[in-house]
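S.K.: Supplied in C-alpha cells, the structure appears directly below.
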C-alpha cells in the first residue's frame with residue numbers, strides 16, 4: 001500500500017474557490033505523508049459534481065471527478081459523520097465516504113476529514129484521503 005495512488009474525497013460549499021480546494025488537498029497530503037504518491041481521482045456527492053471549484057480542482061490536478069449518490073455515501077461507515085452534511089446533501093459524510101467508495105472494496109482511509117482554513121472567512125471545503133485495500 002506504500003505507493004498506491006491516493007483518492008481524495010471532497011465536500012464543498014457552494015461557490016468554493018478552486019484555490020481553497022487545491023490548498024486543502026495539498027495540506028492534507030503533506031500532513032498524511034503522501035504528497036509524493038500519485039492521485040487517482042477526486043470523489044464527491046452527486047449533488048456537488050458540477051460545483052465549479054471541484055471541477056476546476058480536478059482539472060488542475062489532471063484527475064477525474066467521480067460522484068456518488070447520497071444514498072450510496074450514507075451507507076458507508078465513517079469515523080466522523082456530520083449532521084450538517086446530512087442536512088445539506090442527504091448523507092452524514094461526503095469526504096470520507098466518497099474517498100472510501102472511490103478506493104474500492106477494502107479501501108482504507110489514510111487521513112480522515114480535514115477542513116479548509118481560508119483566511120478571514122469560514123471553511124467551504126473538506127477532504128479525506130483513501131487508498132485501495134491490499135486485497136481489493
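Read-outs: derived from the displayed coordinates by stated rules, not from any lab. From a predicted model like this one, the values you see are computed outputs, not experimental measurements. For neighbour counting, all protein chains shown are included, and Cβ atoms are generated from backbone atoms with ideal geometry for every residue, glycine included.
S.K.: Give the separation of the Cα centroids, region 27-78 to region 98-129, in Å.
M.R.: The distance from the Cα centre of region 27-78 to that of region 98-129 comes to 8 Å.
S.K.: Kindly give Rg over Rh for the chain, based on alpha-carbon atoms, with the Kirkwood expression for the hydrodynamic radius.
M.R.: 0.93
S.K.: For residue 115, project a label point 7 Å along Cα to C-beta. Then give me every residue of region 73-107 with its amide nitrogen under 16 Å of that point.
M.R.: Label zone hits: 80-88, 93-96.
S.K.: Could you work out the helix-only [θ] at 222 nm for the chain, with each DSSP H run of four or more residues adding -39,500 (n - 2.57) and the total divided by the number of residues, to the nearest 500 deg cm²/dmol? Write down the numbers at each step before the final one.
M.R.: On the way: 5 runs with 46 residues, N = 136.
After summing the helix terms and dividing by residue count, I get -9500 deg cm²/dmol.
S.K.: For a quick protection proxy, order the peptides 64-74, 122-132 by their average other-Cβ count within 10 Å, most packed first.
M.R.: Numbers: 64-74: 18.2, 122-132: 22.8.
Those peptides, ordered most packed to least, come out 122-132, 64-74.
S.K.: Just to be sure I understand the model, the point goes 7 Å from the Cα along the line to the Cβ. What's the resulting residue 84 to residue 23 distance in nm?
M.R.: Those two pseudo-labels are separated by 1.7 nm.
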